[in-house]
Amino acid sequence: MKQEEFIPIILIRIIRIRFSIILLTISIITRNNIPEAEKISIYECGFDPLKTSRLPFSIKFFLIGVLFLIFDLEISYIFPWSATMKETKLIRFITMILFLIILTLGFIYEWLKKGLDWE
């Protein structure tokens with residue numbers, strides 16, 4: 001490709017960066033950053049809160065959330081890989097199989113350690 005073909009792309013990026021900086025500057029200048037009692041109070045569906053909102057939550061929620069993210073990312077790798085399966089070389093196939101084996105072993109380990117039991 002010739003260098004002249006990149007000029008429109010570079011110009012669009014420069015315009016986007018300048019526009020983003022302008023919007024960020026306007027946002028910073030016009031913000032209302034005065035803390036009031038209403039702004040810093042706890043909001044619970046329009047009612048006064050019954051107790052503090054700074055309560056610890058169960059580690060099970062965190063564990064399930066992390067496992068969801070890991071397996072959600074796995075799906076984002078598997079879909080493009082399966083779409084190009086016909087053009088995949090042996091090394092890519094072996095790499096993806098190893099990736100799936102490692103994830104499966106991690107899932108089995110978590111299952112055996114009762115990390116997925118909700119008690």
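The values are calculated or read from the model by the stated rules, or taken from the named source; none is laboratory data. Model, not experiment: these values are computed from the prediction. Heads up, the Cβs are rebuilt from the backbone with ideal geometry, glycines too, and the neighbour counts pull from every protein chain shown.
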Report summary line: Among residues of the range 7-43 being among the β-branched types (Val, Ile, Thr) and closer than 30 Å to Arg54 by Cα, the residue modelled with the lowest pLDDT is Ile42
Query raised in the report: Which of the residues that make up the range 85-119 are loosely packed, with under 10 Cβ neighbours inside 10 Å and without any contact (Cβ under 8 Å) to a residue 40 or more places away in the chain?
Result: Lys86, Glu87, Lys89, Leu90, Ile91, Leu112, Lys113, Lys114, Asp117, Glu119
Query raised in the report: Is there any pair linking a residue in the range 56-69 that is farther than 18 Å from Glu119 by Cβ to one that is exposed (fewer than 10 other Cβ atoms within 10 Å of the Cβ), with Cβ under 8 Å and at least six apart or on different chains, and which?
Result: none
Query raised in the report: Is it the case that Lys114 is among the basic types (Lys, Arg) and outside any loop (DSSP other than H, G, I, E, B)?
Result: no
Report task. Quickly run through the range 88-108 and pick out the residues that are in a helix (DSSP H, G or I) and farther than 17 Å from Ile70 by Cα. Result -> Leu90, Ile91, Arg92, Phe93, Ile94, Thr95
